[in-house]
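Written below as structure tokens is the structure these notes are about.
The values are calculated or read from the model by the stated rules, or taken from the named source; none is laboratory data. As the structure is a computational prediction, the values presented were derived from the model and not from experiment. Virtual Cβ from ideal backbone geometry, glycine too; neighbours counted across all protein chains shown. Calculation scope for accessible area: heavy atoms of the full protein, side chains included, ligands and nucleic acids excluded. Shrake-Rupley method; radii C 1.70, N 1.55, O 1.52, S 1.80 Å.
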Amino acid sequence: MRLSKETNLKYLKVDLQSNGIRVLKGDKGRIGGAGPAGAKIFTFGDTVANVPTMSTFVENSPYSVELEGGKGILKRYDDEVAVIESPMPEFYKLKTKEGIPYKQIGLLHGTDCLASTPVQTCVYWNMPDRCKFCGIELSRKKGTTTAVKRPEEIAEVADAAKRLDKVSHVTLTIGTLKGADKGIKVLCKCASAIKDLTGLPIHAQFEPPDDFRYLEELHASGVDTVGVHIESFDEDVLRKIAPAKARIGVDGFMNAWKRSVELFGENQVSSFIIAGLGEDDQSIIEGSRILADLGVYPLVLSLRPIPGSDLENEIPPGFERMKRIYEEVSMIVKDRGLSWKRSKAGCVRCRACSALDVFEK
Ligand code: SF4
């Protein structure tokens, strides 16, 4: 793809997420952790993008940048494409009174979202059941985060991030834990502490619990939006890539989405759908329609082959495929009156990992 001036800012995010950026000078971002890692946050135009910087495929990217003070000129081969910036939050300079750096407790995601993983382990991690794209325990092994964060510590960091860096919402994610709540009880404690201290809108992500009363507890604890991520609507793909999620099945997720929408409201529930796991376009588009009909925002994004994960050597879908998918899904989203702008907190509002926001316009 050759970018023209007219299209570049609209489609640049898609192309960057398909190709990545070679960071020739400066920090490359976060290596592991929950969500799409091995990447760095950049802002340009009126959007923000979480762009792969460390995966193997990035070595072949036509895009490169040299960062000075978090800013640089993005080049496509030798052509200058855009000025891009990477936020450098003030709260990263602080530590708790026990000496734990704040950035080991929470990170700035997007431009205004604090993200934290209260428990950086997963029951499936050392089993064949683990999600093949996931890197949740990798950052702990690299020593860039702590395995367990206390609710008061996360609240303290959220408070600083709100004051110093204008953080306006919080994402809490977690690996699946033992027990019928699957980790939700921990999320409840963290949400209560953050809400009490900061009043910030909070998003929580989890595997559907065995008992939906835990969803009610989550709502009562101050969580505003939830992410219940099926990842793929192709059942064969799901069995291969995320066997534990395949066992829950589409029906199990449907029940969790419906109850979540009753509790949290339309547009306040979301599910990631990853493109590039071996599915066809139709499963993504049909899946998005199923979600949108329930009032759930279909957060489509391209595969992130996180270094150290089982899929580290994969290549994300190319620009043309992602553009086609985003165009179709954005029509569905618009038809149902859903929008990233209506989301109170979390990945949908942050919008760094998906390029659906630029197609909503
Ligand atoms: S979209 Fe979600 S996972 Fe991605 S950077 Fe934003 S908060 Fe983090």
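Structure values in brief
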quantity: Positions within segment 181-222 being assigned to a loop (DSSP other than H, G, I, E, B) and closer than 30 Å to Ser283 by Cα, in sequence order; calculated: Asp181, Lys182, Gly183, Phe206, Glu207, Pro208, Pro209, Asp210, Asp211, Phe212
quantity: Qualifying residue in segment 335-349 (condition: over 23 Å from Val170 (Cα atoms) and within 16 Å of the ligand (Cβ to nearest atom)); calculated: no
quantity: Every residue from segment 49-82 that is closer than 9 Å to Gly20 by Cβ, more than 16 Å from the ligand (Cβ to nearest atom) and of a type in the set (Ser, Thr, Tyr); calculated: Ser61, Tyr63
quantity: Condition check for Ile290: closer than 21 Å to Phe264 by Cβ and either within 13 Å of the ligand (Cβ to nearest atom) or modelled with pLDDT of 95 or more (or both); calculated: yes
quantity: Subset of segment 234-244 (residues that are out of contact with any Leu (no Cβ under 9 Å at 6 or more places or on another chain) and either free of Cβ contacts under 8 Å to residues at least 60 places away in the same chain or open to solvent by 30 Å² or more (accessible area, probe 1.4 Å) (or both)); calculated: Glu235, Asp236, Arg239
quantity: All positions within segment 151-175 that are farther than 16 Å from Leu107 by Cβ and surrounded by fewer than 23 Cβ atoms within 10 Å (Cβ to Cβ); calculated: Pro151, Glu152, Arg163
quantity: Every pair of residues 6+ apart whose Cβ atoms lie under 6 Å, when the first sits in segment 94-120 and is in contact (Cβ under 8 Å) with a residue 60 or more places away in the chain while the second is surrounded by fewer than 20 Cβ atoms within 10 Å (Cβ to Cβ) and in a strand (DSSP E or B); calculated: Val119/Val148
quantity: Every residue from segment 90-126 that is away from the ligand (no atom under 16 Å from the Cβ), assigned to a strand (DSSP E or B) and open to solvent by less than 40 Å² (accessible area, probe 1.4 Å); calculated: Pro101, Val119
quantity: Qualifying position, being farther than 22 Å from Glu156 by Cβ and open to solvent by 20 Å² or more (accessible area, probe 1.4 Å), among Asp196, Asp181, Asp211; calculated: Asp211
